[in-house]
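> Here it is, the structure in full.
The values are calculated or read from the model by the stated rules, or taken from the named source; none is laboratory data. Quick caveat: nothing in here was measured; it's all calculated off a predicted structure. Positions of Cβ are generated from backbone atoms using ideal geometry, with glycine treated the same way; all protein chains shown enter the neighbour counts.
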Amino acid sequence: MINNYSIAKNVKIYDLAKIISNGNNFSIDEYSQVDDFVFINAGIQTSIGKFVHISSFTSIIGGGELYMEDFSGLSAGCRIITGSDDFSGPYLSNPTVPAKYKNVKSGIINIGKHAIIGSNAIILPNITIGEGATVGAGGIVAKDLEPWSIYIGYNPKKVGERDQNGIIDLERKLRKEFGL
């Protein structure tokens, strides 16, 4: 189910994916794919670039903003959380409670070009995943990650770097082949 959206040509959204959009707040660019069993609540804004893959059982929730740049990807079971209730103050929480009794903190998540998020990783609000960065399976990302770096572990630690020049060269070739 998709309402109020912008979908470019050559996009594949499988039938069992669910995208909730309450305005002109969801866009997905050319050659991207959203697999079955993905749940996206577009929140304030969800913008997905070219050649982006969102794998099955991933959820994007929280009511904030998500920007995924070209060639980025979310592996199976990722949780992208763009906002959350404030559990530290005198507030009620959960979506059944009227807004005046809650304190929801919305944020922005930026996932850079060529960034890859491993299976079952969790990205918390107000995070930037740098261009080309990777997060290993099961990581919980609560701080910004440097471009072209490889991170692993529960509280991801940098363990290496990716081949930026090789990846950018392949991107140029692919764009040329596709006339982009």
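So that you can scan it fast, the table gives a plain yes or no per residue for (1) within 28 Å of Phe178 (Cβ to Cβ); (2) in contact with a His (Cβ under 9 Å, 6 or more places away or on another chain); (3) among the polar types (S, T, N, Q):
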| position | (1), (2), (3) |
| --- | --- |
| Asp15 | yes, no, no |
| Ser32 | yes, yes, yes |
| Asn41 | no, no, yes |
| Gln45 | yes, no, yes |
| Gly49 | yes, no, no |
| Val52 | yes, no, no |
| Glu69 | yes, yes, no |
| Ser72 | yes, yes, yes |
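> Which of (1) farther than 26 Å from Phe37 by Cβ; (2) among the small types (Gly, Ala, Ser); (3) assigned to a strand (DSSP E or B) is the odd one out, the single condition Gly89 does not satisfy?
Condition not satisfied by Gly89: (3).
> Restricting attention to region 83-103, does a residue exist that is more than 23 Å from Glu161 (Cα to Cα), out of contact with any helix residue (DSSP H, G or I) (no Cβ under 6 Å at 6 or more places or on another chain), in contact (Cβ under 8 Å) with a residue 60 or more places away in the chain and among the β-branched types (Val, Ile, Thr)?
no
> Further, regarding this structure: Where residues in region 157-180 are farther than 18 Å from Met68 by Cβ and part of a loop (DSSP other than H, G, I, E, B), which of them is farthest from the chain's Cα centre (by Cα)?
Per the stated criteria, the residue is Gly179.
> Let me ask something additional. State all residues of region 54-80 that are more than 9 Å from the chain's Cα centre (by Cα), in contact (Cβ under 8 Å) with a residue 24 or more places away in the chain and assigned to a strand (DSSP E or B); if no residue qualifies, say none.
Across region 54-80, the qualifying residue is only Glu65.
> Would you check if there is a residue in region 120-128 being in contact with a helix residue (DSSP H, G or I) (Cβ under 6 Å, 6 or more places away or on another chain) and surrounded by 21 or more Cβ atoms within 10 Å (Cβ to Cβ)? Before you say what the answer is, go through the steps one by one.
Restricting attention to region 120-128, the residues satisfying the condition of being in contact with a helix residue (DSSP H, G or I) (Cβ under 6 Å, 6 or more places away or on another chain) are none.
No: zero hits.
> So if I check each of Phe37, Phe51, which one is assigned to a loop (DSSP other than H, G, I, E, B) and in contact with a helix residue (DSSP H, G or I) (Cβ under 8 Å, 6 or more places away or on another chain)?
Matching residue, one of Phe37, Phe51: Phe51.
> Something else about it: Hey, Ser32 hits all of (1) under 12 Å from the mean Cα position of the chain (by Cα); (2) modelled with pLDDT of 95 or more; (3) surrounded by 16 or more Cβ atoms within 10 Å (Cβ to Cβ) but one; which does it fall short on?
(1)
> Here are Glu69, Glu177, Glu65: which of them is among the acidic types (Asp, Glu) and farther than 28 Å from Asn22 by Cα? Even if it seems obvious, please write down each step before you answer.
Working: Glu69 fails: farther than 28 Å from Asn22 by Cα; Glu65 fails: farther than 28 Å from Asn22 by Cα.
Result of the check over Glu69, Glu177, Glu65: Glu177.
> Could you check Ser75 against (1) of a type in the set (Ser, Thr, Tyr); (2) within 29 Å of Asp169 (Cα to Cα); (3) surrounded by fewer than 16 Cβ atoms within 10 Å (Cβ to Cβ) and say which number it fails?
Among (1) of a type in the set (Ser, Thr, Tyr); (2) within 29 Å of Asp169 (Cα to Cα); (3) surrounded by fewer than 16 Cβ atoms within 10 Å (Cβ to Cβ), Ser75 violates only (3).
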